[in-house]
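What follows is a set of notes on a single structure, which appears directly below.
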Ligand SMILES: NC(=O)c1ccc[n+]([C@@H]2O[C@H](COP(=O)([O-])OP(=O)(O)OC[C@H]3O[C@@H](n4cnc5c(N)ncnc54)[C@H](OP(=O)(O)O)[C@@H]3O)[C@@H](O)[C@H]2O)c1
């Protein structure tokens, strides 16, 4: 049984804990939670049936019983925290985006290889059964050659302005937080683009509020939208020469519909999550560690780097950088 330690007792750590505690797919248990506040860690520990609570991240890195550390803090902290955890030879599953740019990710991967440990970005969407099934169907030619992929992750959580989403120094903005998902869709189904064009609108706090990104390929294109200040249905549509597939719920999908060229529904792929969808990526990390693998075939180091490079290129074109990059 793999013993898991979590750093950051926040929003996403809760979802992760629910998956570990309730999915039969996972051969792992929650061993420790670390927070900057011991009181917060104790509350989280009790709420999620975790053995130990630590009042600093360092104490968790030092815990010799822990096999896998899940990093659940805002993106700007991932680099330093992964580098610190690697000093203790820990396997790591780190929330998306892995780092704020590709250069930092390269350094982390280099150190992980030197330490001979497993490391993966927690891009859970790639492991969802519906995505895996749609990918298989597309590869088998169910909709023919892809001509257009559209994917939208536009939401408006209306958080207080201090929330990390709007704060430049906390890695705020739409692209890194939610744009990474439509970009991932384009990469799963169409590969790396030949050319990228985009338009952006900035938020009053100087982070990107919304963007439309066009990926061009030799044949076909992808139109990707992301926003943190406007709502749109979470949806991806893949149009091919023989039909189309509509993936409902985008990054957290449990349902996709396949239509023929005359818009007749020909297949409904419906696979409910075992718990909340996080269980599949967690299972992958555990299976890789048990098999002695240093990276996942699905979310490989190369996949993470490629997506980060695309996001770097997009931000370069806006001349938009985080203070940590200067
Ligand atoms: N996979 C997904 O579906 C998904 C969804 C949402 C978010 N995420 C990713 O998960 C990560 C965390 O997101 P979240 O929404 O869980 O964030 P969050 O709740 O705002 O913060 C998570 C934890 O990080 C620490 N933290 C927060 N602000 C900090 C600050 N200013 N300085 C130092 N530490 C701070 C806190 O831990 P302590 O106080 O306990 O030390 C906090 O509880 C992000 O990278 C995000 O992109 C992924």
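The values are calculated or read from the model by the stated rules, or taken from the named source; none is laboratory data. Just so we're clear, the structure is a prediction, and the values are computed from it rather than from any experiment. As a convention, Cβ positions derive from the backbone with ideal geometry for all residues, glycine included, and neighbour counts pool all protein chains shown.
Observations, loosely collected:
- Being surrounded by fewer than 17 Cβ atoms within 10 Å (Cβ to Cβ), assigned to a strand (DSSP E or B) and more than 16 Å from the ligand (Cβ to nearest atom) is a description that applies to residue 197.
- Test: residue in the stretch 206-223 that is within 16 Å of the ligand (Cβ to nearest atom) and either farther than 23 Å from residue 126 by Cα or surrounded by 20 or more Cβ atoms within 10 Å (Cβ to Cβ) (or both): yes
- Residues that are part of a helix (DSSP H, G or I) and over 22 Å from residue 220 (Cβ atoms) were ranked within the stretch 133-166; the one that is farthest from the chain's Cα centre (by Cα) is 166.
- Number of the condition not met by residue 169 [criteria: (1) within 13 Å of the ligand (Cβ to nearest atom); (2) under 27 Å from residue 273 (Cα atoms); (3) not in a loop (DSSP other than H, G, I, E, B)]: (2)
- Subset of the stretch 248-258 [more than 16 Å from the ligand (Cβ to nearest atom) and either assigned to a loop (DSSP other than H, G, I, E, B) or surrounded by fewer than 18 Cβ atoms within 10 Å (Cβ to Cβ) (or both)]: 248, 255, 257
- Single match in 242, 283, 293 (criterion: in contact (Cβ under 8 Å) with a residue 24 or more places away in the chain, more than 23 Å from residue 196 (Cβ to Cβ), touching a helix residue (DSSP H, G or I) at 6+ places or on another chain (Cβ under 9 Å) and surrounded by fewer than 16 Cβ atoms within 10 Å (Cβ to Cβ)): 293
- Wholly within the stretch 24-117, helices (runs of 4 or more DSSP H) carrying at least 2 residues that are more than 14 Å from the ligand (Cβ to nearest atom) and not assigned by TED's automatic domain parsing to the domain that holds residue 164: 75-87, 102-115
- The residue list 209, 174, 222 contains one member that is at pLDDT 95 or above, under 20 Å from the mean Cα position of the chain (by Cα) and under 28 Å from residue 285 (Cβ atoms), which is 174.
- Restricting the stretch 1-23 to residues that are near the ligand (Cβ under 8 Å from one of its atoms) and not in a helix (DSSP H, G or I), the residue that is farthest from residue 84 (Cα to Cα): 10
- Odd one out for residue 242, checked against (1) closer than 26 Å to residue 25 by Cβ; (2) assigned by TED's automatic domain parsing to the domain that holds residue 158; (3) more than 16 Å from the ligand (Cβ to nearest atom): (1)
- Filtering 215, 181 for residues that are in a strand (DSSP E or B) and in contact with a helix residue (DSSP H, G or I) (Cβ under 9 Å, 6 or more places away or on another chain) leaves a single hit, 215.
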